[in-house]
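Structure first, commentary second.
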Amino acid sequence: MPKKGAKKAKEMDDVPDQQEKKLPDYLELQRTRVACKADAPIHTQGFQYSGAYAAMGVDNSMSVEKFRKNFKIEINRLTEDDMEFDMIGVDASIANAFRRILIAEVPTMAIEKIFMVDNTSVIADEVLSHRLGLIPLDADPRRFDYMSENDVPNERNTIVYKLHVSCEKGSQRITVKSGELEWLPEGSQLNMSSPAQSGDKQKTFTSFSQSQKEIYEKPLGVKFKDITIARLGPGQAIELEAHAVKGVGKAHAKWSPVATAWYRMLPEVVLLKEIEGDDAEELVKKCPVKVFDIEDLGNGGKRAVVAKPRACTLCRECVMCPTGEHIELRRVRDHFIFTIESTGAMPPEVLFTEAVKILEEKCERVIAELS
Amino acid sequence: MEHGSVADASASTFSIVEEDHTLANSVRFVLNQDPRVAFCGYSIPHPADNKVNIRVQTTGDPARDVLKDALQNLVVMCQHVRGTFDNAVDGYRANKHAEEMDVDEQQK
């Protein structure tokens, strides 16, 4: 209360056109940081309500213009398979929405139907089929259509693979790797009807009107050729045909385009009091990820400083030791360190853009429903 | 689907199918930021059903319009996120390329 009064007196002396009333420091801390105490974090609920600080005369509402001004993205690492970037100025609910969409709602291609001709291996049919479904395919799902129950499998919605491996009698056992899956760009080679039927053209399980080689420039093979599918002993063989379709992670995890995607909030480590001498040495040794470092003072003394707060994993070793009361671990509420690991169908930056597009589509669908 | 009273359009519950926490939590956040909203929240009546109920109570404006505005704000925010992200990726790639060129220069 005395703080509020002091601010009011200051306001009256200030220039009349100063409009922004600031929150007192402790409330600003509560609003922007999650405090991680030794036993549990506090202030985990964000204050999103526009009128949260109305009694103090501070406006907590946020318009799209303010969001645009404050929003920043900084990319730390970007390779073909994974990326790490910082998203600053966004709320946890939206960061989480992106994470959920990346895992469950960005479509991919994966093997769905298996036509088993011959399986004399020790791996059961269904176990083998399950393993084949989990193999990541190097196909861009944006160029394919979904296939529903009534659709005919054609070159726009299905990719066909063949696996025909056998181990001769008398030889060593062999390992069937995913690289032995052969892409069939002309479609299925298995005939549906019995050979006794007349007519030159046999009906196969797919109706490709043109070869997929003409539509897609690069071969639609598997992404990693060294995944073990099965092991065959002498005299055993596997002959099958696999059809891959487009789907989303919500239906089955094989259709998830990310190995995983996660985010963490930016850590902030604050030393409330100077830690010097032997305590400083001990503190530096305690931290397993080397967040602290020693700074030499002029007269031979040593002081602990926070060198790499970003590496903090919240193991809380530093707050459990005797000097722990002088250290405060915090998380910045609107700064997220996002990591996306792709399984290979699409590069990670494309995956994130697709996820944002999907959130927009969801909103537009609800808007259309409301209108 | 809107469940509200004909007389009072400022408070109603919207039942959306085929949606879950992904959209509902984001919309709830954007709604909270709007100064016209007195109360907003969402709930999932049963986890097995794919439905979510979003409750909006406003200070006078029809709840449906406020929800539509919030959804449109979310769309604009997403577009901005996408644009910023693409620029950041291009900037990062250009920087890396420039760095590699500098290293080549130094090696020469």
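The values are calculated or read from the model by the stated rules, or taken from the named source; none is laboratory data. Small disclaimer: the values here were computed from a predicted structure and weren't measured. Neighbour counts run over all protein chains shown; Cβ positions are idealised from the backbone, glycine included. We work out accessible area using only protein heavy atoms, side chains counted, and drop any ligands, DNA or RNA first. Shrake-Rupley method; radii C 1.70, N 1.55, O 1.52, S 1.80 Å.
Couple of notes before you dig in:
- Within region A:273-302, residues that are open to solvent by 60 Å² or more (accessible area, probe 1.4 Å) reach partners that are among the β-branched types (V, I, T) and in a loop (DSSP other than H, G, I, E, B) with beta carbons closer than 8 Å, at six or more positions or on different chains, in the pairs A:P288/A:T313.
- For region A:310-331, a residue qualifies if it is under 23 Å from the mean Cα position of the chain (by Cα) and in a helix (DSSP H, G or I), and the qualifying residues are A:R310, A:A311.
- Within region A:48-58, the set of residues being within 19 Å of B:N73 (Cα to Cα) and open to solvent by 20 Å² or more (accessible area, probe 1.4 Å) comprises A:Q48, A:Y49, A:G51.
- Residues satisfying the criterion are absent from region A:21-44 (criterion: of a type in the set (A, V, I, L, M), more than 30 Å from A:H326 (Cβ to Cβ) and either more than 14 Å from chain B (Cβ to nearest Cβ) or loosely packed, with under 12 Cβ neighbours inside 10 Å (or both)).
- Region A:78-96: number of residues that are at the interface with chain B (Cβ under 9 Å from one of its Cβ atoms) and open to solvent by 20 Å² or more (accessible area, probe 1.4 Å): 3
- Residue in region A:341-355 that is in contact (Cβ under 8 Å) with a residue 40 or more places away in the chain, open to solvent by 40 Å² or more (accessible area, probe 1.4 Å), in a strand (DSSP E or B) and of a type in the set (D, E, K, R) present: yes
- Of all residues in region A:61-74 being facing chain B (nearest Cβ under 8 Å) and not basic (K, R), the one that is most open to solvent (accessible area, probe 1.4 Å): A:E74
- When residues of region A:97-136 are limited to those that are of a type in the set (S, T, N, Q) and open to solvent by 30 Å² or more (accessible area, probe 1.4 Å), the one nearest to A:S178 (Cα to Cα): A:S129
- Of the numbered criteria (1) surrounded by 13 or more Cβ atoms within 10 Å (Cβ to Cβ); (2) out of contact with any strand residue (DSSP E or B) (no Cβ under 6 Å at 6 or more places or on another chain); (3) more than 8 Å from every other protein chain (Cβ to nearest Cβ); (4) under 27 Å from A:D86 (Cβ atoms), the one B:D61 fails is (4).
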